[in-house]
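Peer 1: Sharing a structure with you now.
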């Protein structure tokens, strides 16, 4: 899996095919997890920033 953050967020599988990331919230969550560098993130912080909220 390869994730590109410069420019538009892009996710590719092991074969290099582009994987669709549906929805702004999911892209935002994925970007935050990548930036965290594999470190665990507390759930409360994500909820306060709007990740996982229903419209």
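The values are calculated or read from the model by the stated rules, or taken from the named source; none is laboratory data. What you see is a predicted model; the values in this text were computed from it and never measured. Cβ coordinates were reconstructed from backbone atoms using ideal geometry, including for glycine residues, and neighbour counts include every protein chain displayed.
Peer 1: Using the structure shown, decide if residue 47 is modelled with pLDDT of 80 or more and part of a helix (DSSP H, G or I). Quick ask: steps written out before the conclusion?
Peer 2: Details: modelled with pLDDT of 80 or more: no; part of a helix (DSSP H, G or I): yes.
Against the criterion (modelled with pLDDT of 80 or more and part of a helix (DSSP H, G or I)), residue 47 does not qualify.
Peer 1: Residues being free of Cβ contacts under 8 Å to residues at least 24 places away in the same chain and part of a strand (DSSP E or B): count how many of those fall in the range 1-36. Outline the logic, then answer.
Peer 2: Step one: list which residues in the range 1-36 are free of Cβ contacts under 8 Å to residues at least 24 places away in the same chain, which gives 1-2, 4, 6-24, 26-29, 32-33, 36.
After this cut, where a residue has to be part of a strand (DSSP E or B) as well, the list is 2, 4, 10-12, 18-19.
Going through the range 1-36 one residue at a time, the tally reaches 7.
Peer 1: Does residue 39 meet the test of being surrounded by fewer than 10 Cβ atoms within 10 Å (Cβ to Cβ) and modelled with pLDDT under 85?
Peer 2: On the way: surrounded by fewer than 10 Cβ atoms within 10 Å (Cβ to Cβ): yes; modelled with pLDDT under 85: yes.
When the stated conditions are applied, residue 39 passes them.
Peer 1: I would also like to ask the following. Read through the list (1) at pLDDT below 85; (2) at positive phi, then give the number of the only condition that residue 16 fails.
Peer 2: Every listed condition holds for residue 16 apart from (1).
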